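The block underneath contains the structure these notes are about, expressed in structure tokens.
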Amino acid sequence: MRATENNHEPALWAAVGNTPLLPLRLPADHGRIWLKAEWLNPGGSVKDRAGRSILRDGLCRGELPGKRLLDASSGNTGIAYAMLGAAAGIGVTICLPANASPERKALLEIYGAAVVLTDRMEGTDGAVRRARELAEERPELYYYADQYGNPANIRAHWETTGPEIWTQTGGRLTHFVAAMGTTGTMMGTGRFLKEKAPDVELVGVQPDGPFHGLEGLKHLATNPNPPALYDPSVPDRVAEIPTETADRTCRWLAREAGYLVGWSAGAAVAAALDIVKQDPAAVAVVIACDTGARYLSDPHRWCSGDAPAE
């Protein structure tokens, strides 16, 4: 008998969130950076928060566990669904771009999710189209979760990520920095922090163009289908980071701090480094989105002998 049958959540679900803030060692003339260590969630990414919130919403609506949860994902949200769904006896089907990392594909299959691969050239937009087609074809089988438009995604960060950061910093932060894919992390956390402290600067991070190597992120300025969750008025500004800069920052974090994080986290830290170099009084909290162990199949991106990012 699964825990949800007794109206109790599986114990694994309680392990999501309450991740630590970890410092970066920087020169004395820099401001301070704290990493919100989301790679320490049980599924290895910040997407565990949205996944749990969306699953809870589906249960409350009575759609789950009677149907299979269906969604499009670049990998991390799908892994969260699959892991948390396995613990609760909920079937999961994920439409995944074919160019997702082998580690992401393997984890989805290990957790028992059904994986529908979509055109690699169409990215997550193609995966979303396929998920919608499947939902229309078999409404009796699938509950389409739609992480890109589901308010439960934003709610996850309003209820957990934002309050955790506020408590952990004692309200003493000047900047909040997060990479943007579904944009749920920025929308939920950013709005919470702005209500607490309107002077906190919200910095969204995206690739520097539509063709990039930062899985899960979108160049929102050129994307014809921005996420329904995205409100461009929430971030105070948006930093565009080249893939090569994100990669270099990931290598530096691993070698100098022991923090093995993924490319989107590298992009967010690179944006934060630009802030604290210019403002010695800055205290920036950065969402370190996921574990770098999810990208080890790209060894050339880890092996350059370049100089430290700072």
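For Ala228 and Ser304 in the same chain, what is the full-extension length gain: residue separation times 0.36 nm, less their Cα-Cα distance, in nm?
Taking 0.36 nm per residue and subtracting the Cα distance, the gain is 23.6 nm.
Report the gain in length on full extension from Phe211 to Arg25: 0.36 nm times residue separation, minus Cα-Cα distance, nm rounded to one decimal. Could the numbers behind the result be given before it?
Details: separation 186, 0.36 × 186 = 66.96 nm, distance 3.22 nm.
So the extension gain works out to 63.7 nm.
How would you order 239-252, 26-39, 177-190 from highest to lowest mean count of nearby Cβ atoms within 10 Å? Present the calculation step by step, with values, prior to reporting the outcome.
Details: 239-252: 20.8, 26-39: 18.4, 177-190: 28.7.
Most protected by this proxy first, the peptides run 177-190, 239-252, 26-39.
Whose amide H sits under 5 Å from the amide H of Leu64, counting only residues 5 or more places off or on another chain, with H placed in the peptide plane?
Here the answer is Leu59, since their amide H atoms fall under 5 Å of that of Leu64.
Mind checking the full-extension length gain between Arg138 and Asn18? Use 0.36 nm per residue of separation minus the Cα-Cα distance, one decimal, nm.
Result: 39.5 nm gained on full extension.
Could you pull the Cα extents of the range 212-280 along its three principal axes, largest to smallest, in whole Å?
In descending order, the Cα extents are 38, 29, 17 Å.
Taking the Cβ of Trp166 as the center, what net charge do the other residues with Cβ under 14 Å away carry, scoring Lys and Arg +1 and Asp and Glu -1?
Computed value for this residue: +1.
Tell me the mean residue ellipticity at 222 nm calculated for the chain from its helices only (DSSP H runs of n ≥ 4, each -39500 (n - 2.57), averaged over every residue, nearest 500). Walk me through the intermediate numbers first.
On the way: 10 runs with 108 residues, N = 310.
Rounded to the nearest 500, the figure is -10500 deg cm²/dmol.
Kindly report the accessible area of the range 214-285 per residue (heavy atoms of protein chains, probe 1.4 Å, no ligands, DNA or RNA), in Å².
Per residue, the range 214-285 has an accessible area of 38 Å².
Taking a virtual spin label 7 Å from the Cα of Asp279 along the C-beta vector, which residues in the range 206-239 bring their backbone nitrogen under 13 Å of it?
Hits in the range 206-239 for Asp279 at 13 Å: 236-238.
Enumerate the amide H contacts of Tyr259 below 5 Å, restricted to partners 5 or more residues apart or on another chain; note that Pro and chain-start residues carry no placed amide H.
Sorted by chain and number, the residues that satisfy this are Ala254.
So what are the ³J(HN,Hα) numbers for the range 214-231, from phi and the Karplus equation (6.51, -1.76, 1.60; θ = phi - 60°), rounded to whole Hz, Gly and Pro as x?
Using θ = phi - 60°, the values come out as 9, 3, x, 9, 10, 8, 5, 5, 10, 6, x, 10, x, x, 4, 6, 6, 10 Hz.
Quick check: net charge around Ala135, other residues with Cβ under 14 Å of its Cβ, Lys/Arg +1 and Asp/Glu -1?
Neighbour charge sum, excluding Ala135 itself: -1.
Could you tell me whether the chain comes out rounded, prolate or oblate from its Cα gyration tensor? Rule is a ≥ b ≥ c as square roots of the eigenvalues, rounded for a/c under 1.5, then prolate if a/b exceeds b/c, otherwise oblate.
Prolate.
Nearest 10 degrees, 0 to 90: what angle lies between the long axis of helix 47-60 and the longest principal axis of the chain (Cα atoms)?
The angle comes out near 30 degrees.
How big is the range 5-115 along each principal axis, measuring the range of its Cα positions in Å and listing the largest first?
Projected onto its principal axes, the Cα set of the range 5-115 covers 57, 35, 20 Å.
Taking H as built 1.01 Å from N, whose amide H comes closer than 5 Å to the amide H of Ala282, not counting residues under 5 places away?
Here the answer is Gly31, Arg32, since their amide H atoms fall under 5 Å of that of Ala282.
The values are calculated or read from the model by the stated rules, or taken from the named source; none is laboratory data. Since we're looking at a predicted model, the values are computed, not measured. Cβ coordinates were reconstructed from backbone atoms using ideal geometry, including for glycine residues, and neighbour counts include every protein chain displayed. To get the accessible areas, we keep the full protein, side chains included, count just its heavy atoms, and leave off ligands, DNA and RNA. Shrake-Rupley method; radii C 1.70, N 1.55, O 1.52, S 1.80 Å.
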